[in-house]
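Worksheet: one structure, shown below.
The values are calculated or read from the model by the stated rules, or taken from the named source; none is laboratory data. Computed from a predicted model, the values in this text were never measured in an experiment. Reconstructed Cβ throughout: ideal geometry from the backbone, glycine too, with neighbour counts over all protein chains shown. Heavy atoms of the whole protein, side chains included, go into the accessibility calculation; ligands, DNA and RNA do not. Shrake-Rupley method; radii C 1.70, N 1.55, O 1.52, S 1.80 Å.
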Amino acid sequence: MKPLRLLFVALVALAPMSVRAADPPGEKPAPVPGAAFVQKYCLSCHGAEKKRGDLDLSGFRDEAAVVATRKVWSNAVRAVRDGEMPPKGAPQPTADEREAFAEAVRGAFRRADAGKPRDPGRVTIRRLNRAEYNNTVRDLCQIEFEPADNFPVDEPSHGFDNQGDALSLSPLLMERYLDAAEVVVTRALAGKPAKPAERVGFAQFMVSGSKVPYRLAVFTSDPVAATFRIAADGDYLIRLEGKPLGKGDPAPEVAVSVGGKEVKRVTFVFPEKGAYTKFEIPLALKKGKHSISLRFLNPARELEEKRSMYPPSVDGQNKEKLPGLELHAIDLVGPTDDTPEGRRRILACDPKAPRREQAREILTRFADRAFRRPATAEEVDRYLKLYDRSLEAGQNFEAAIGTSLQAILVSPNFLFRVELDDRPQEKGSHPISEYQLASRLSYFLWSSMPDEALLALAAKGELSKNLDAQVTRMLADDRSDALVENFAPQWLDIRDLARVTRGPQLDVRLRESMARETLLFCEEVLRKDRPVTDFLDGRYTFLNERLARHYGLAQFGRDKRTAAPVPAHTFVRFELPADGPRAGVLTHASVLTMTSNPDRTSPVKRGTWILENVLASPTPPPPADVPALEQAAAGTVKEPVTVRGRLELHRSKPGCAACHAKIDPLGFALERFDVLGQYRDKDGKAPVDDAAELSNGQKFQGTDGLRKVLLGKKDQFTKCLTEKMLTYALGRGLGDHDGPTVDTIVAAVAEDNYRFQRLIFEVVKSDPFRLRRGPTKGEKP
């Protein structure tokens with residue numbers, strides 16, 4: 001393979017060459033964009049006489065022919081812009097010429113797309129993958145149980161395991177579904193009692209942002225607050241115990257707030273002056289963490305003056321002269337109904353209705369949520385008939401309901417994300433239904449079913465009008481952790497880290513720490529809405545004691561705010577040294593380990609990883625007859641001792657040079673990290689050489705130089721990340737027709753300073769996410 005083949009080696013199969021478009025009658029066709037550039041720099045190697053890479057650019061006669069082979073020309077623009085073409089040794093265009101050619105081609109694409117509806121593509125019916133099944137069962141039945149862990153592994157496609165074309169249904173999986181449905185319903189209808197509310201920090205009252213003692217005079221307009229973590233939705237009681245201070249004080253009036261929002265007001269009436277009295281304030285609370293505050297509403301001016309006259313002393317001598325309320329205790333207890341939340345939700349019905357109508361109410365509500373849309377009357381009737389048969393067979397009411405619930409959980413409408421088209425013969429683009437949009441949104445951000453808020457908006461036909469608000473709400477929800485947990489490891493190719501072996505040094509704890517670091521980093525970028533370029537050069541990470549020791553970071557060990565030692569298993573954010581070699585995910589031990597061989601580093605694997613996951617510029621697989629690196633080096637006069645030396649010999653072969661000229665320099669820059677991502681100065685006995693030179697002649701060294709190279713291609717990286725996320729969100733691979741959508745998203749993200757959440761918002765608002773079309777010729781309806 002000759003160097004000039006570099007640009008087009010992977011493109012030959014993507015489009016027919018020598019395309020000649022017929023001239024529209026009566027119209028003069030637009031010329032080939034950048035024709036002068038092509039004539040000057042390209043045709044000597046890619047013309048009618050010399051067709052390097054089997055490519056004849058002289059065959060493109062006009063703009064229409066270029067647009068028809070968009071993929072080829074998009075890659076040509078990238079190669080020219082990045083200096084890969086023309087090849088080293090050939091006449092080189094100026095920077096202005098390169099940019100003018102790129103803009104000419106992009107302008108042709110914009111003109112071709114102007115005024116035309118974009119093709120949103122089509123998504124095949126999709127089975128819930130294992131993560132989606134577990135999360136959906138959790139949210140549908142309110143139980144902490146992961147039955148899909150016992151299912152067969154989901155095969156990935158296009159880099160992700162949620163792709164419709166790979167999610168098949170085997171007989172074994174169907175058996176597991178039947179078993180899981182029985183266990184899920186049994187647990188949901190029985191289960192353990194709901195866990196009582198847990199107090200987080202018993203004595204942590206807060207006044208004006210400061211912690212105050214647990215026995216406290218609080219007759220002040222400043223709120224006192226305590227934090228609680230609620231295990232289940234339900235009714236709870238705030239229990240207070242206190243007594244008034246001072247004589248003649250008015251009855252305390254209190255505003256109760258949850259999460260900063262006032263929910264009720266109460267007045268404390270003490271039956272006996274000076275005696276401790278218990279009060280209970282009922283509250284309905286949702287599952288999660290809540291800050292509950294009490295604000296006293298009647299500290300009159302004269303009471304404030306009296307307080308200033310009699311400030312409380314350390315020993316409490318002036319306590320009786322200080323008007324106010326002494327709180328002796330504050331607790332949250334509940335839920336007052338300890339029925340498990342799943343059981344309570346599932347079996348809720350009108351207690352006065354006949355049994356069969358109760359069954360209809362229960363099954364209708366459950367099927368609506370399980371199917372992520374309103375169940376039809378015919379569907380509910382089928383499950384109601386099964387309920388009737390179960391009663392006839394001797395089951396009681398609850399058992400008969402459970403049998404029908406199991407049937408719902410093995411229905412295709414639950415196991416698959418079914419998006420029926422109400423206009424299947426309409427070839428043009430049209431919106432998906434509001435319920436389908438709710439499912440796309442929830443499985444993208446949560447890997448789970450839509451919640452009540454999404455379904456309520458869908459029922460009113462208002463979800464599409466409120467996408468931004470819903471995305472903001474959903475990203476703030478803890479369930480959006482699923483986006484990090486399921487997208488990031490697959491994008492970064494670190495999902496199989498738990499199965500990697502590298503000898504005794506790579507123990508279970510170190511593997512878990514490596515993976516956790518990368519997930520916490522990605523979560524930080526998402527939660528703090530950091531620029532996507534942090535993935536390349538973020539000078540921070542998350543470490544525990546084990547990983548910090550692995551990295552040789554002596555500065556780690558004490559909390560910067562408190563100077564207290566960091567517990568060994570605790571992960572904390574750590575600011576990396578500005579002059580250190582680590583930054584972004586490229587220097588995470590998880591990535592470096594996964595891109596190494598068991599016994600040596602692999603610049604080829606690391607360079608290929610960067611090309612595929614950072615630059616979206618994959619290389620073709622090596623020819624079948626190319627020997628392994630060790631075989632290629634064996635028998636030479638002086639066999640190289642370093643990995644780099646072996647690669648230098650390997651890439652000297654004509655069949656290997658073109659691709660390795662693109663791959664190896666990126667991997668060489670990471671050679672100071674060994675097979676486990678530890679920093680090193682030597683490869684065996686030889687000094688590490690991390691200098692590199694790209695095919696366009698650009699020289700750089702080490703990770704610092706690599707970061708500068710990649711940051712110079714940040715739009716290309718943003719495009720790569722956009723393509724990955726769009727593939728994940730849609731559950732299908734991307735095609736040429738998705739190019740304009742990708743370009744639009746990249747432009748919007750760049751305009752918003754490359755913020756990560758902007759990428760998510762733009763994916764959700766894109767045509768492929770919101771629209772669909774009917775089948776084209778050859779496609780099934």
If you take just the helices (runs of 4 or more DSSP H) that sit entirely in segment 499-601, which of them hold at least 3 residues that are closer than 25 Å to Tyr754 by Cα and at pLDDT 95 or above?
508-527, 534-537
Just to be sure before I move on: is Lys708 touching a strand residue (DSSP E or B) at 6+ places or on another chain (Cβ under 7 Å), assigned to a helix (DSSP H, G or I) and charged (D, E, K, R) in the structure I sent?
yes
Using beta carbons and a limit of 7 Å, which pairs, at least six apart or on different chains, have the first residue in segment 466-478 and under 11 Å from Leu454 (Cβ atoms) and the second one open to solvent by 60 Å² or more (accessible area, probe 1.4 Å)?
Leu467/Lys765
Could you look through segment 144-176, keep only residues that are aliphatic (A, V, I, L, M) and touching a Pro at 6+ places or on another chain (Cβ under 8 Å), and pick out the one that is nearest to Asp481 (Cα to Cα)?
Ala166
Ala13, sole failed condition from (1) in a helix (DSSP H, G or I); (2) at pLDDT below 70; (3) surrounded by 15 or more Cβ atoms within 10 Å (Cβ to Cβ):
(3)
When you look at Ala686, is it closer than 23 Å to Pro86 by Cα, in the same structural domain as Leu592 (by TED's automatic domain parsing) and either crowded, with 19+ Cβ neighbours inside 10 Å or not basic (Lys, Arg) (or both), yes or no?
no
Somewhere in segment 186-209, is a residue of a type outside the set (A, V, I, L, M, F, W, C), crowded, with 17+ Cβ neighbours inside 10 Å and modelled with pLDDT of 75 or more?
yes
I want to confirm something. Restricting to segment 689-704 and keeping residues that are surrounded by fewer than 17 Cβ atoms within 10 Å (Cβ to Cβ) and of a type in the set (Gly, Ala, Ser), which single residue is modelled with the highest pLDDT?
Ala691
Assigned to a helix (DSSP H, G or I), open to solvent by 40 Å² or more (accessible area, probe 1.4 Å) and modelled with pLDDT of 95 or more: which single residue out of Arg344, Arg356 fits that description?
Arg356
Would you check if Glu671 is more than 29 Å from Lys71 (Cβ to Cβ) and either assigned to a helix (DSSP H, G or I) or touching a residue at least 40 places away in the same chain (Cβ under 8 Å) (or both)?
yes
Considering only segment 457-481, how many residues are open to solvent by 10 Å² or more (accessible area, probe 1.4 Å), touching a Phe, Trp or Tyr at 6+ places or on another chain (Cβ under 8 Å) and under 20 Å from Glu523 (Cβ atoms)?
2
Surrounded by 18 or more Cβ atoms within 10 Å (Cβ to Cβ) and under 16 Å from Leu615 (Cα atoms): is that true of Thr718 in this structure?
yes
Restricting to segment 215-239, and then to whatever is more than 32 Å from the chain's Cα centre (by Cα) and modelled with pLDDT of 80 or more, can you tell me which residue is surrounded by the most Cβ atoms within 10 Å (Cβ to Cβ)?
Tyr236
Evaluation of Gly47 against (1) at pLDDT 75 or above; (2) surrounded by fewer than 19 Cβ atoms within 10 Å (Cβ to Cβ) (one fails), failing number:
(1)
Between a first residue in segment 389-401 that is under 20 Å from Arg365 (Cα atoms) and a second residue that is open to solvent by less than 90 Å² (accessible area, probe 1.4 Å) and of a type in the set (Ser, Thr, Tyr), which pairs have beta carbons less than 6 Å apart while being 6 or more apart in sequence or on different chains?
Ser390/Thr403; Ala400/Tyr387; Ala400/Ser390
Which condition from (1) under 20 Å from Asp537 (Cα atoms); (2) out of contact with any Asp or Glu (no Cβ under 9 Å at 6 or more places or on another chain); (3) in a loop (DSSP other than H, G, I, E, B) is the one that Gly697 breaks?
(1)
Here is a check on your reading of the model: is Arg473 of a type in the set (Lys, Arg) and touching a Ser or Thr at 6+ places or on another chain (Cβ under 9 Å)?
no
For segment 42-149, give me every one of the helices (runs of 4 or more DSSP H) that falls completely inside it and has 1 or more residues that are in contact with a Gly (Cβ under 7 Å, 6 or more places away or on another chain).
70-81, 95-113, 130-141
Long-range neighbours under 7 Å by Cβ, at least six apart or interchain, first residue open to solvent by 20 Å² or more (accessible area, probe 1.4 Å) within segment 147-175, second of a type in the set (Val, Ile, Thr):
His158/Thr727; Gly159/Thr727; Asp165/Thr124
When (1) assigned to a helix (DSSP H, G or I); (2) in contact with a strand residue (DSSP E or B) (Cβ under 9 Å, 6 or more places away or on another chain); (3) more than 24 Å from Ser464 (Cα to Cα) are applied to Tyr728, the one that fails is (3)
Pull up segment 755-780, narrow it to residues that are open to solvent by less than 30 Å² (accessible area, probe 1.4 Å) and part of a loop (DSSP other than H, G, I, E, B), then point me to the one that is nearest to Ala166 (Cα to Cα).
Pro775
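One line per residue, one yes/no per condition, for (1) outside the structural domain of Ala231 (by TED's automatic domain parsing); (2) within 30 Å of Gln39 (Cβ to Cβ); (3) of a type in the set (Gly, Ala, Ser):
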| site | (1), (2), (3) |
| --- | --- |
| Ala68 | yes, yes, yes |
| Arg78 | yes, yes, no |
| Pro86 | yes, yes, no |
| Asp96 | yes, yes, no |
| Phe101 | yes, yes, no |
| Phe109 | yes, yes, no |
| Val123 | yes, no, no |
| Glu132 | yes, no, no |
| Asn135 | yes, no, no |
Every residue in segment 65-96 that is more than 33 Å from the chain's Cα centre (by Cα) and open to solvent by 60 Å² or more (accessible area, probe 1.4 Å), please.
Ala68, Lys88, Gly89, Pro91, Gln92, Thr94, Ala95, Asp96
